[in-house]
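Trainee: One structure, as structure tokens, below. Some questions next.
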Amino acid sequence: MSESMRAFSLFLHIGATVIWIGGILLLTFLVVPELNRALAEQPALYQLLRRLRKRFTPLANLALATLIVTGVLQMSTDPNYEGLLSFNNRWSQALLFKHALLIVMAAAGLLLQLAVAPALERASLLRERGRGDAGEWNRLRGRERRLTWLIAALAGLILAASAWLTAI
């Protein structure tokens, strides 16, 4: 791969990281807590959280796909890369750790997107119409919150693993 193509791949990789991990951290630590404080239990809260989720999820998924493609390209051209399933140096061991974190994070994200978020949307719509079960909504919000915090923690660890890879 040419130097300019490698630089472009790195540009896309960093941009996707900013969108995916930056978005997760921004929503987790700033936006959602402030919305909860400002709109506590009002129907507007359910609508706004649902709209944020619907806008961010496709963008985050596109960023993740970009990260996978550009990451594979960068990995295969790195001088420390010794081949598939070869973990003989510290760089490849750090990369394995990073990929394990990424897999756990993606699994938590899938669980959130495919199970918790749809159930929460149904519960929110029912609550907006005054027919929902507050206990069910609170249980689902708690599950969403725990998964979101897990994802945010894993995002921080992935950034740390990336720094470790660069330093090796």
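Trainee: How far is helix 90-111 tilted off the main Cα axis of the chain, in degrees rounded to 10, range 0 to 90?
Mentor: It works out to around 20 degrees.
Trainee: Pull out the extension gain between Trp164 and Ser76, defined as 0.36 nm times the separation in residues minus the alpha carbon to alpha carbon distance; nm, one decimal. Intermediate results must be reported in sequence, preceding the final value.
Mentor: Working: separation 88, 0.36 × 88 = 31.68 nm, distance 1.81 nm.
Extra length available between Trp164 and Ser76 comes to 29.9 nm.
Trainee: If the only charges are +1 at each Lys and Arg Cβ and -1 at each Asp and Glu Cβ, what is the size of the charge dipole of the range 24-79 around the Cα centre, to the nearest 20 debye?
Mentor: On the way: 6 positive and 3 negative charges, 63 e Å.
Approximately 300 debye in magnitude.
Trainee: Using the crude model of +1 on Lys and Arg Cβ and -1 on Asp and Glu Cβ, and no other charge, please compute the dipole size for the range 25-168 relative to its Cα centre, in debye to 20.
Mentor: I would put it at about 560 debye.
Trainee: Rounded to the nearest 10 degrees, what's the angle between the helix 3-17 long axis and the longest principal axis of the chain, both from Cα atoms, 0 to 90?
Mentor: 20
Trainee: Report the label-to-label distance for Ala119 and Glu136 in nanometres (one decimal), using points 7 Å from each Cα along the Cα→Cβ vector.
Mentor: 1.1
Trainee: Also: Provide the gained length on full extension for the span Met5 to Leu39, in nm with one decimal, where the gain is 0.36 nm per separating residue minus the Cα-Cα distance.
Mentor: On the way: separation 34, 0.36 × 34 = 12.24 nm, distance 4.67 nm.
Separation in residues times 0.36 nm, less the Cα-Cα distance, equals 7.6 nm.
Trainee: What is the angle, in °, between the Cα long axis of helix 117-128 and the longest principal axis of the Cα atoms in the chain? Nearest 10 is fine, range 0 to 90.
Mentor: 20
A short reminder: the numbers here are calculations on the coordinates, not readings from a lab. In this text, all values refer to a predicted model and were calculated from it rather than measured experimentally. Virtual Cβ from ideal backbone geometry, glycine too; neighbours counted across all protein chains shown.
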